[in-house]
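The values are calculated or read from the model by the stated rules, or taken from the named source; none is laboratory data. None of these values were measured; they are calculated from a predicted model. All Cβ positions, even for glycine, are placed from backbone atoms using ideal geometry, and neighbour counts span all protein chains on display. Accessible surface areas use protein heavy atoms only, side chains included; no ligands, DNA or RNA. Shrake-Rupley method; radii C 1.70, N 1.55, O 1.52, S 1.80 Å.
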Amino acid sequence: MVISDDTKTSSENGSEIDRERKVFDDTKAGVKGLVDAGVVNIPRIFIRQPEELAQELTTHRTKLQLPVVDLDGIKDNKLEDIVDQVRAASETWGFFKVINYGVSLNLIQEMIEGVHKFNEQDVE
């Protein structure tokens, strides 16, 4: 991936970044591929422009609360309430936090280790 200088106009930089993004996508190697290739600087395709960040900071100054679905209610036959909570969170947020789901911390840690091993494999 080629990183060019910042003396170009924003439209030139935009099309250059689009080309870099396409090259990155075409490798199918992901960020791990960049690390394996020895890239030491963050490519521009991952850097947001200061104007974009400033605009986001001023437009998203609300205190949002992530929906939480407590599965502990299954024991008390509150399945219908839980389904309604999942539906509402999915429709309004697209995701939610689940608590009291009954999976042991040990099993979660083993799963995370498995994901790490999978992602650290050679691209081939």
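Tell me the per residue accessible area of the stretch 69-124 using a 1.4 Å probe; a whole number in Å² is fine.
87
Pick out which of Gln49, Gln65, Gln85 has the largest mean-square fluctuation in a Gaussian network model of the chain, springs linking Cα atoms closer than 10 Å.
In this elastic network of the chain, the residue with the biggest mean-square fluctuation among Gln49, Gln65, Gln85 is Gln65.
Per-residue ellipticity at 222 nm for the chain, helices alone: DSSP H runs ≥ 4 residues times -39500 (n - 2.57), over residue total, nearest 500 deg cm²/dmol? Intermediate results must be reported in sequence, preceding the final value.
Values: 5 runs with 64 residues, N = 124.
Dividing the helical sum by the residues of the chain leaves -16500 deg cm²/dmol.
Whenever you get a sec, compute what percent of the accessible area on the chain sits on carbon and sulfur atoms (1.4 Å probe).
It is 56 percent, rounded to a whole number.
Working from the pairwise distances between different alpha carbons, so that the mean of 1/r is found and then inverted, what is the chain's Kirkwood radius in Å?
Mean inverse Cα-Cα distance, inverted, gives 19.3 Å.
Given +1 on the Cβ of Lys and Arg, -1 on the Cβ of Asp and Glu, and no further charges, what dipole in debye does the chain carry about its Cα centre, rounded to the nearest 20?
220
Using a Förster radius of 30 Å, what is the FRET efficiency between Ile108 and Arg48 based on their Cβ-Cβ separation? Nearest 0.05, please.
Working: r = 32 Å, r/R0 = 1.06.
Efficiency, rounded to the nearest 0.05: 0.40.
When the chain is fully extended, how far beyond the present Cα-Cα distance does Thr92 get from Asp36, taking 0.36 nm per residue of separation?
16.2 nm
Can you spot the aspartates and glutamates whose alpha carbon is less than 20 Å from Lys117's alpha carbon? Ignore those fewer than 8 places along the same chain.
By straight Cα distance, Lys117 reaches Asp36.
Bin all alpha-carbon pair distances of the stretch 62-119 at 5 Å intervals from 0 and give each bin's fraction as a whole percent.
4, 17, 18, 17, 16, 17, 10, 3
If you take the beta carbon distance between Gln55 and Asp26 as r and set R0 to 35 Å, what does 1/(1 + (r/R0)^6) give as a FRET efficiency, to the nearest 0.05?
Step by step, r from the Cβ atoms, then E = 0.70.
Can you tell me which of Ile45, Ile108, Ile17 moves the most in a GNM of the chain? Springs connect C-alpha atoms under 10 Å apart.
Greatest mean-square fluctuation among the candidates belongs to Ile108.
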